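**Q** Let me give you the structure first, and then I'll get to my questions.
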Amino acid sequence: MSEHEHFHYSEEDVQREVTELEGKSATAARIFDLRRIIGGLFVLYGVIVTITGITDSQAEIDKAQGININLWTGIGMLLLGIFFLAWLKLRPTPPPLPPEGLPEEEHRP
């Protein structure tokens with residue numbers, strides 16, 4: 001006898017496992033939403049570059065033809081990061097649709 005002949009899964013066991021995996025997948029999709037990652041990185045780097053721009057010497061500003069490029073770039077990055085995070089908050093990832101063919105009550109945990 002092979003290993004697979006010792007186990008017998010009922011249709012209910014398989015459906016329960018599929019439902020559980022779909023729930024885990026939806027949670028992972030929300031956690032790893034690219035808007036969260038992109039927004040977080042832009043905010044982090046925006047803070048760093050803005051602080052660099054605030055502390056730049058006049059010699060550094062003169063190198064960029066009198067424009068405090070670090071300050072303006074940092075502010076732009078902060079605004080873009082905040083935009084991505086606000087977008088995530090205002091339009092979250094929708095929950096997964098229930099599996100077809102089953103009444104909604106059967107597949108809730």
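**Q** Going by the structure shown, is residue 41 in a helix (DSSP H, G or I), modelled with pLDDT of 90 or more and open to solvent by less than 90 Å² (accessible area, probe 1.4 Å)?
**A** Yes.
**Q** Here is a further query. Which one is modelled with the lowest pLDDT among residues in segment 83-95 that are open to solvent by less than 60 Å² (accessible area, probe 1.4 Å) and not in a loop (DSSP other than H, G, I, E, B)?
**A** 88
**Q** Go through segment 59-82 residue by residue and tally those that are part of a helix (DSSP H, G or I), over 13 Å from residue 47 (Cβ atoms) and open to solvent by 50 Å² or more (accessible area, probe 1.4 Å).
**A** Total satisfying the criteria: 6.
**Q** Output the number of residues of segment 45-58 satisfying the condition of being touching a helix residue (DSSP H, G or I) at 6+ places or on another chain (Cβ under 7 Å) and in a loop (DSSP other than H, G, I, E, B).
**A** Number of matching residues: 1.
The values are calculated or read from the model by the stated rules, or taken from the named source; none is laboratory data. Predicted, not measured: the structure shown is a model, and the values here were computed from it. Don't worry about glycine lacking a Cβ; one is built from the backbone with ideal geometry, like all the others, and counts go over all protein chains shown. Areas reflect the complete protein model, heavy atoms only, side chains present, ligands, DNA and RNA absent. Shrake-Rupley method; radii C 1.70, N 1.55, O 1.52, S 1.80 Å.
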